[in-house]
Structure formats: C-alpha cells, structure tokens
1. With V151, V119, V100, V160 as the choices, which residue is under 29 Å from R209 (Cα atoms), of a type outside the set (F, W, Y), at pLDDT 95 or above and out of contact with any Lys or Arg (no Cβ under 7 Å at 6 or more places or on another chain)?
2. Would a scan of the range 213-234 turn up a residue that is within 22 Å of R147 (Cα to Cα) and either within 15 Å of the ligand (Cβ to nearest atom) or of a type outside the set (S, T, N, Q) (or both)?
3. Would you mind finding the one in F20, F4 that is buried (at least 19 other Cβ atoms within 10 Å of the Cβ), of a type in the set (F, W, Y) and within 11 Å of the ligand (Cβ to nearest atom)?
4. Does D202 fit the bill of being in contact with a His (Cβ under 8 Å, 6 or more places away or on another chain), within 14 Å of the ligand (Cβ to nearest atom) and open to solvent by 10 Å² or more (accessible area, probe 1.4 Å)?
5. Condition first: assigned to a loop (DSSP other than H, G, I, E, B) and hydroxyl-bearing (S, T, Y). Can you find one or more residues in the range 189-212 that meet it?
6. Just wondering, is there one or more residues in the range 69-83 that are of a type in the set (S, T, N, Q), open to solvent by 20 Å² or more (accessible area, probe 1.4 Å), more than 13 Å from the ligand (Cβ to nearest atom) and over 13 Å from the mean Cα position of the chain (by Cα)?
7. Specify the residue that is surrounded by the fewest Cβ atoms within 10 Å (Cβ to Cβ); the eligible residues are those in the range 244-299 that are of a type in the set (V, I, T) and modelled with pLDDT of 95 or more.
8. Checking the condition more than 15 Å from F34 (Cα to Cα), away from the ligand (no atom under 16 Å from the Cβ) and open to solvent by less than 30 Å² (accessible area, probe 1.4 Å), which residue from L110, L120 passes?
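The values are calculated or read from the model by the stated rules, or taken from the named source; none is laboratory data. What you are looking at is a predicted structure, and each value in this text was computed from that prediction instead of being measured. Ideal geometry is used to build each Cβ from the backbone, glycine not excepted, and the neighbour counts take in all protein chains shown. Quick note on the areas: whole protein, heavy atoms, side chains included, nothing else; ligands and nucleic acids left out. Shrake-Rupley method; radii C 1.70, N 1.55, O 1.52, S 1.80 Å.
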Amino acid sequence: MNLFLAPIQGMTIAGYRNAFARHFGNIDAYYTPFISSSEVDKVNNLLLKDILPEYNDPAVKLVPQLLGNDGAQFKAFACAISDIGYHEINWNIGCPYPTVTKKKKGSGILQHPDMIKKVLDTACSDSSYTVTVKMRLGWDKLEEGMRVMDVLNDYPLGGVIIHARTGIQMYEGHVDLEEFETLAASCKHEVTYNGDIFTHDDFLRISSRLPFIKNFMLGRGALSDPFLPTVIKGQTVSDANKISIVREFHNEIFNYYKCKLSGDKHLCDKMKEFWYYMHVHLDKDGKYMKKIKKCHRTSEYLELVNQIFHSNS
Ligand SMILES: Cc1cc2nc3c(=O)[nH]c(=O)nc-3n(C[C@H](O)[C@H](O)[C@H](O)COP(=O)(O)O)c2cc1C
C-alpha cells in the first residue's frame, strides 16, 4: 500500500514537505502544488523554484504537478522538469476554483474530453517523462468523468488519482464512493483514491469498501494530523512524544518562513494557515485559533503557540 501527500497550494511547499518528511514521514511520494504551465511564454527557473533540487531533500520523493490546457506548453514545462531530474509529471484536471475552471483548466476541462485528448497527444509524445493525472468524478456528473476516462485509457499514463467529488462540489458535501468505484473500474491505469481521509477509521472504512485500491492520497487529514500516515502504516507514537515532535515541526516551519517573509504581519498570516489545519487536534475548541487569527506580532504569536503546546502536554 502506498500513501501520497496531496498538493495543497500555499501549504505543501518545499520547506513544509522537507520538514514533514523529517518529522513524520511514512509518505511514499509528495505531489507538489500546481505550477501553471500556461501563463508564460517561456519556462524559467523562477516558476520551477519550489521543485529545484537545492530546495528539496533528495530523500523526499517528489512529483511535480502542472496545471494548463495546452499540450505544447505542458510538454515544454515537462521537459524542463525532467531535465532537473523528475520523471513523473502530474497533470491537474481537478482544481475546482472558478478562476481556473472558467478558462477550461483544472476540473473545468472535464466537460471537454476532446481538449484532453489534444493535450495528451502532445504531452505524451516525449519519452523522457511519464504523465499521471489527478482528476475528479466529473465536472457535475459521473458521465463526464467516464468520457474523460475513455480518453485517458488511450494513453500510456503512469496512473490516475481520483478525488471522489465533482468539480462543482468544490470541497463541500460527501465523497461518493460508489461513483468512485464505477470510475475506477473503467480505468485501465493504476488508480489512487483521494478524498476525506481525516482519521484512521476513515481510512479503514474507505479502504475496506475499495479493496482493489492500493494507493491512497491524503490531504487535509494529514495536514491536521501529521501522524495519520504513520498510524495508517501500522506504527504507534506515544502521546507524550507526539507533542514534542509537532512542536519541533512547527518551529522548523516558523523559521523557514521567518527567513523567507519580511515583517511580522506576513509571518503571522502565513502561520495562521498552518494552524488552520493544526488546531483541529491541538486546539479543539478553537480558543487559541481565535487569538492567532487576530495576531500581528511574532512575540504575541509565539506566546500563544507556547500556550497551545503547554495545554497539550
Ligand atoms: C487550499 C487547497 C489547495 C489545494 N491545492 C491543490 C493543488 O495545487 N493541486 C491539486 O491537485 N489539488 C489541490 N488541492 C486538492 C487536494 O490535493 C485534495 O485533492 C483535496 O483536498 C481532497 O483531499 P483531502 O480530502 O484528503 O484533503 C487543494 C485543496 C485545498 C483545500
């Protein structure tokens, strides 16, 4: 069984992935947040910064992700990415945000299997990399996903990750395991399940409902409880150790952003995103989160963090 860390734009960037791997691990591959392949004329290292080897621990298996709807641009980016040492390139056709979908990108392309075919004709014409796809059940219905899968089955893809929601659902409502099963059964590539695994029980329920699935991608669940992959892989960590490990992880992320961002406000704002996920288990009633949200000074922020860890130890 393989566990993958889902891309979460703004969160799972190089510093986060490196720290996650060092403190928690048990992730077989880390998918990067998308790099847009269509906003520029030429690939440059600034766009690829997050995946450059100098910022990424070589022990962390990384899969760069591209977002776009033009095969030539995809291929140009994919070749540049393969030149720096990556052999799997993931194509995002699942992003549900309107700024993306109204341009027929992300899940906005799921209603256009003809466009997907055109992109893949070019994207898959270079053997220096393998394309994998991250998609949803459809834009607003399964039939769309099924038509897309007919197209995907014609190409030598390395695998398909399916988030078990439609595009219009965004992140709301329930994942649909029955529709996932139908779509996965129509796929001739290796399938990865993604969606709403927040606890070990969620994993046991979903994996026993889908016994043919060997790959699972964890997103918000792993960001809220970074020990989740460890527990799923059958290892235990004592509660006493957990808090000190999370504290070290927090400090590493904090120091990473302290070097990158200028000014207390930017740093506090960034750390709010970290606690948006992390408070779920460490600040269950949201008492500290409320204060962190209002915080603009790092001295005040660090005092609150101190209180959170103290209240959990
Ligand atoms: C804030 C946010 C940013 C995301 N950014 C990306 C992204 O860059 N690429 C991508 O493929 N999916 C992205 N996703 C979707 C996740 O990778 C994942 O598919 C989704 O959260 C469902 O999995 P989960 O229920 O395990 O979190 C994002 C999700 C959220 C909430």
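1. After ruling out the rest, the residue left standing is V160.
2. yes
3. Within the list F20, F4, the selection yields F4.
4. Answer is no for this residue.
5. yes
6. yes
7. Only one residue tops the list, namely I245.
8. Result of the check over L110, L120: L120.
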